[in-house]
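Student: Please find one structure pasted underneath; my questions will follow.
The values are calculated or read from the model by the stated rules, or taken from the named source; none is laboratory data. All values reported here derive from a predicted model rather than from experimental measurement. Using ideal geometry, Cβ is built from the backbone for each residue, glycine included, and neighbour counts are taken over all protein chains shown. Quick note on the areas: whole protein, heavy atoms, side chains included, nothing else; ligands and nucleic acids left out. Shrake-Rupley method; radii C 1.70, N 1.55, O 1.52, S 1.80 Å.
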Amino acid sequence: MPDRVQQLAELTARVAELESERELTLRLAQTDSLTGLVNRGAFTAALCERLETAREAGGRLALFVVDLDRFKHLNDTLGHHAGDLFLAEVGERLRSDAGPGDLVARLGGDEFAVISDDPKVAERAQRLVSLFTQPHLIYGRQVSPGASVGVAVYPDDASDAGDLQQFADMALYRVKTQGGRRWSAFDAELRAESQHRRTLEEELRRAIPAGEIEPWFQPVVDSADGRIVGVEVLARWRHPEHGLLTPAAFVPMAEELGLIGRIDEAVFEAGCSQAAPWVAEGLIEVVSFNVSPRDLLDPSFSRKLIGRLAGTDLPATALTVEITETFLLRDLALSRRHIERLSAKGVRIALDDFGTGYSNLRALMHLPIQTVKLDRSLICDVAKDARVAKLVGSMLHAARALGVLIVAEGVEEEAQAILLRAAGCERMQGYWFAKPMPADQMETELRASRAAAPRSLCTEPLRRRAHG
Ligand code: C2E
Ligand code: CA
Ligand code: CA
């Protein structure tokens with residue numbers, strides 16, 4: 001009998017031990033290890049819970065999101081360890097300022113949040129900003145990156161956790177774009193913006209199956225004679241109320257919503273069916289499509305594209321896929337796989353917006369990239385600034401040495417075209433030649449271009465084809 005008592009006692013002790021281990025594990029899973037604050041996962045759950053309580057009690061709740069203003073600079077100049085020390089200090093300051101009913105969380109990076117039932121929202125927000133005007137000593141150096149705060153209130157602004165977070169973020173974003181070091185509350189202006197966005201989101205989801213996304217075409221010309229040798233396909237949204245929209249109005253949103261893949265697919269399908277006959281007839285040699293960096297992060301991107309291409313009449317050797325450098329650098333191994341898979345089929349790869357980022361010529365040496373598109377920002381100064389002309393000249397020189405074809409983008413003036421041609425740039429694209437246009441107009445242009453005798457750039461001004 002005593003044995004059984006002892007066994008029972010041991011068992012009880014073991015159960016208690018396991019319980020406390022479980023609690024510890026649970027707490028660790030909810031805690032940010034650097035600051036000891038609640039982490040993002042636990043924060044979201046806590047926000048929902050507190051909203052529920054506030055709803056039952058008929059109370060108010062404010063959500064403050066705090067973002068450091070120049071944290072990246074601190075990290076870059078003093079190193080990651082200094083950055084970590086500072087983040088721990090931020091956690092400490094937020095914790096010491098918090099009231100008994102507050103919850104302080106680190107959402108990730110240099111972003112923090114405070115959930116509070118403090119009724120004095122404006123004062124509290126100002127106090128949060130002031131917490132970070134005091135400098136802090138790291139490695140004997142005074143640092144004060146400053147912070148911005150965005151706030152949204154339940155039930156005044158939003159009734160659920162998702163909206164409350166989104167609205168506080170919108171307020172924060174507005175302060176940041178205005179220079180930071182202040183706070184801002186969600187207001188009527190932001191509400192109108194959010195409603196406009198939501199409407200546009202719904203419309204975009206509907207627009208893709210409704211066929212409102214259409215391909216437009218911009219000619220790429222041979223510098224030697226101004227002859228059209230290819231087209232770049234550019235997405236347009238024919239919005240039933242707002243008219244024709246350019247990518248700036250919907251591509252960033254489509255990327256955020258995860259819809260960009262479907263847009264690229266729609267543009268590719270319609271673009272191929274329209275341009276394939278032009279290639280078959282010998283009117284052009286190349287058709288270029290843009291793909292979003294998001295698509296490229298999908299490991300099956302190249303396989304899917306090859307599959308889709310097989311369903312069109314466009315030969316693989318006439319297809320160029322334009323990708324940006326940012327993607328190359330984000331995942332070099334994956335980019336290599338996609339690029340090699342596409343190259344093996346005869347598809348060409350162009351590096352888009354070259355000259356805006358790192359302009360990584362090494363990538364060109366190590367990857368089968370056949371075309372580089374010099375960014376408009378370089379071209380627009382090429383005829384005005386001798387240093388830019390020199391830079392472009394040396395880029396052209398390097399590209400030639402590597403056997404890479406250069407396309408200058410955004411050529412708007414004759415002076416630029418003449419200078420680029422003299423510097424050895426083989427292909428050009430820009431408003432000087434033609435703006436993007438719908439398929440029927442492009443076809444008319446292509447036929448006219450073939451009928452006309454080729455002209456030499458040396459002796460005559462370029463044939464100008466500008467449209468609306
Ligand atoms: P991008 O690939 O750099 O395309 C060139 C952009 O420059 C086009 O703008 C074109 O209309 C514009 N452009 C061409 N020549 C000139 C010029 O001489 N002067 C000026 N000021 N602009 C010129 P667009 O059509 O508004 O497209 C903007 C960007 O949207 C594109 O930049 C590309 O990154 C993206 N995009 C376009 N279509 C698609 C698409 O189907 N899928 C994806 N993922 N992105 C696309
Ligand atoms: Ca492009
Ligand atoms: Ca470009």
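Student: Putting +1 on Lys and Arg Cβ atoms and -1 on Asp and Glu Cβ atoms, find which of PRO240, PRO135, ILE228 reaches farthest to the positive end of the dipole of the range 109-259.
Tutor: PRO135
Student: Over the C-alpha atoms of the range 379-435, what are the Rg and the largest Cα-to-Cα span, Dmax, in Å?
Tutor: For the range 379-435, the Cα-based Rg and Dmax read 10.7, 31 Å.
Student: Could you sort the peptides 395-403, 288-296 by per-residue average Cβ neighbour count (10 Å cutoff), highest mean leading?
Tutor: 288-296, 395-403
Student: So, with +1 on the Cβ of K and R and -1 on the Cβ of D and E, and no other charges, what is the size of the charge dipole of the chain about its Cα centre, to the nearest 20 debye?
Tutor: The calculation lands at about 1380 debye.
Student: Round to the nearest 0.05 the FRET efficiency obtained for LEU329 and GLU241 when R0 = 30 Å and r is the Cβ-Cβ distance.
Tutor: On the way: r = 39 Å, r/R0 = 1.31.
The formula returns an efficiency of 0.15 here.
Student: Note the angle between two axes, namely the Cα long axis of helix 80-97 and the longest principal axis of the Cα atoms of the chain, as a number of degrees from 0 to 90, rounded to the nearest 10.
Tutor: Approximately 50 degrees, to the nearest 10.
Student: Can I ask one more? Per-residue accessible area for CYS425 at 1.4 Å probe radius, Å² rounded to 10?
Tutor: Here the accessible area works out near 0 Å².
Student: Full-extension gain between ALA188 and LYS304, please, as 0.36 nm times their residue separation minus the C-alpha to C-alpha distance.
Tutor: 37.3 nm is the gain from fully extending ALA188 to LYS304.
Student: Run the quick spin-label model on ARG450 and ALA29: label points 7 Å from Cα toward the beta carbon, then report their separation in nm to one decimal.
Tutor: Taking the simple label geometry, ARG450 and ALA29 are separated by 6.6 nm.
Student: Right, another one. Along its three principal axes, how long is the chain when you only count alpha carbons? Whole Å, largest extent first please.
Tutor: Reported extents, whole Å, longest axis first: 103, 58, 48.
Student: For the range 346-447, what relative contact order do you get, as a whole percent, if you take Cα pairs closer than 8 Å and at least 6 residues apart?
Tutor: After rounding, I find 23 percent.
Student: I need the peptides 111-122, 239-250, 303-314, 53-64 ranked by packing, meaning the mean over residues of other C-beta atoms within 10 angstrom, with the highest value on top.
Tutor: Top of the packing list down: 111-122, 53-64, 303-314, 239-250.
Student: Given a 1.4 Å probe and every protein chain left where it sits, what share in percent of the accessible area of the range 52-113 is carbon and sulfur? Provide the component values of the computation, followed by the final result.
Tutor: Details: 1440 of 2800 Å².
Ligands and nucleic acids excluded, carbon and sulfur reach 51 percent.
Student: Please determine, in degrees from 0 to 90 and to the nearest 10, the orientation of helix 121-130 with respect to the longest principal axis defined by the Cα atoms of the chain, where the helix direction is its Cα long axis.
Tutor: The angle comes out at about 80 degrees.
Student: Shape call for the range 237-316 from the C-alpha gyration tensor, a ≥ b ≥ c root eigenvalues: rounded (a/c under 1.5), prolate (a/b greater than b/c) or oblate?
Tutor: Taking the square roots of the gyration eigenvalues as a ≥ b ≥ c, the range 237-316 is oblate.
Student: Let me ask another. Would you mind calculating the relative contact order of the chain from Cα pairs under 8 angstrom and at least 6 residues apart, reporting the percent as a whole number?
Tutor: 11 percent
Student: Something else: D for the range 309-440, whole µm²/s, Stokes-Einstein with Kirkwood Rh over alpha-carbon pairs at 37 °C and 0.692 mPa s: what number? Before the final figure, lay out the partial values.
Tutor: Numbers: Rh = 15.6 Å.
It diffuses with D of about 210 µm²/s by this estimate.
Student: How much solvent-accessible surface does THR317 expose, in Å² to the nearest 10, with a 1.4 Å probe and all protein chains in place?
Tutor: About 90 Å², ignoring ligands and nucleic acids.
Student: Relative to the longest principal axis of the C-alpha atoms of the chain, give the angle of the C-alpha long axis of helix 260-280, reported between 0 and 90° and rounded to the nearest 10°.
Tutor: Relative to the chain, helix 260-280 is tipped by roughly 10 degrees.
Student: With a/c under 1.5 counting as rounded, go ahead and sort the range 15-164 into rounded, prolate or oblate using the C-alpha gyration tensor (a ≥ b ≥ c being the square roots of the eigenvalues; past the cut-off, prolate if a/b is larger than b/c, else oblate).
Tutor: oblate
Student: So how far apart, in nm, are the two label points at ARG60 and ARG4 if each is 7 Å from Cα heading toward Cβ?
Tutor: According to this spin-label approximation, the distance is 6.3 nm.
Student: If you don't mind, another one. Please compute the net charge surrounding GLY180, taking Lys and Arg as +1 and Asp and Glu as -1 over other residues with Cβ under 11 Å from its Cβ. Could you put the intermediate results ahead of the total?
Tutor: On the way: positive: ARG70, ARG174, LYS176, ARG181, ARG182; negative: ASP67, ASP69.
Summing Lys/Arg as +1 and Asp/Glu as -1 gives +3.
Student: Once you place label points 7 Å from the Cα toward the Cβ at SER130 and ASP156, how far apart are they in nm?
Tutor: Result for the modelled spin labels: 1.9 nm.
Student: Translational diffusion coefficient, Stokes-Einstein: compute it for the range 212-465 using the Kirkwood radius over C-alpha pairs as Rh, at 20 °C and 1.002 mPa s, and state it as an integer in µm² s⁻¹.
Tutor: D = 115 µm²/s.
Student: Can you classify the range 172-247 as rounded, prolate or oblate using the Cα gyration tensor, where a ≥ b ≥ c are the square roots of its eigenvalues, rounded means a/c under 1.5, and otherwise it's prolate if a/b beats b/c and oblate if not?
Tutor: It comes out oblate by the Cα gyration axes.
Student: Just the number, please: percent antiparallel of the DSSP beta bridges in the chain, rounded to the nearest 5.
Tutor: Details: 38 of 64 bridges.
In the chain, DSSP labels about 60 percent of beta bridges as antiparallel.
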